[in-house]
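Read through the structure below, which is laid out as C-alpha cells, and then see the notes.
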Amino acid sequence: IADVLDMNGWTSDLEGAMAFASANGQRTLVFFYREGDAASERTKQTLNAMGRKLSSMQRVAINIAKRKDVASRLGVSRAPAVVVLEPSGQIAARESGELTRLQLVTLLQLK
C-alpha cells in the first residue's frame with residue numbers, strides 16, 4: 001500500500017513489500033532518508049524523477065530517525081542510503097550518501 005505522501009508509489013511497510021516481492025520474484029528498493037536533510041531531499045527527488053524505471057521493484061522509503069532498528073538490520077548507519085534486496089531478502093546492493101541518477105541506475109542495474 002503506497003503511503004509515502006511525497007513519493008508516489010512508495011510505501012513505508014518494508015515487511016509487506018518484501019513479502020509481495022518474494023511472491024512475485026521482484027527486488028525491493030529501500031530508501032533511507034532523514035527528514036529536513038538536503039542530501040536526502042535531493043536523492044528523493046532523483047528517485048521520484050526515475051518513476052517508471054523503478055516500477056519493476058517494490059519501493060520502500062524509511063525515515064532513518066524513526067526506524068533505526070531496520071537501518072541497523074540492513075547495515076545502514078546514515079542517510080541518505082539505498083539498499084536493494086533480492087526476492088529472497090538478501091542484500092544485492094547498498095550505498096550511502098547522495099547519489100546521482102547515473103549512480104542509481106548503475107546500482108539498481110536498470111536499462
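Details
- Which numbered condition SER22 misses (of (1) in a helix (DSSP H, G or I); (2) open to solvent by 10 Å² or more (accessible area, probe 1.4 Å); (3) within 23 Å of LEU102 (Cβ to Cβ)): (3)
- Residues in the range 25-35 that are loosely packed, with under 14 Cβ neighbours inside 10 Å and either over 20 Å from VAL70 (Cα atoms) or at pLDDT 95 or above (or both): GLY25 only.
- Test: residue in the range 34-41 that is outside any loop (DSSP other than H, G, I, E, B), farther than 17 Å from ARG101 by Cβ and touching a helix residue (DSSP H, G or I) at 6+ places or on another chain (Cβ under 8 Å): no
- Residue match in the range 94-104 (condition: under 18 Å from LEU47 (Cα atoms), surrounded by 13 or more Cβ atoms within 10 Å (Cβ to Cβ) and β-branched (Val, Ile, Thr)): no
- Looking only at residues in the range 78-93 that are assigned to a loop (DSSP other than H, G, I, E, B) and within 21 Å of GLN45 (Cα to Cα), the one that is most open to solvent (accessible area, probe 1.4 Å) is ARG78.
The values are calculated or read from the model by the stated rules, or taken from the named source; none is laboratory data. Just so it is clear, the structure is predicted and the values come from calculations on it, not from any experiment. Neighbour counts run over all protein chains shown; Cβ positions are idealised from the backbone, glycine included. Please note that ligands, DNA and RNA were not included when accessible areas were found on the heavy atoms of the full protein model with its side chains. Shrake-Rupley method; radii C 1.70, N 1.55, O 1.52, S 1.80 Å.
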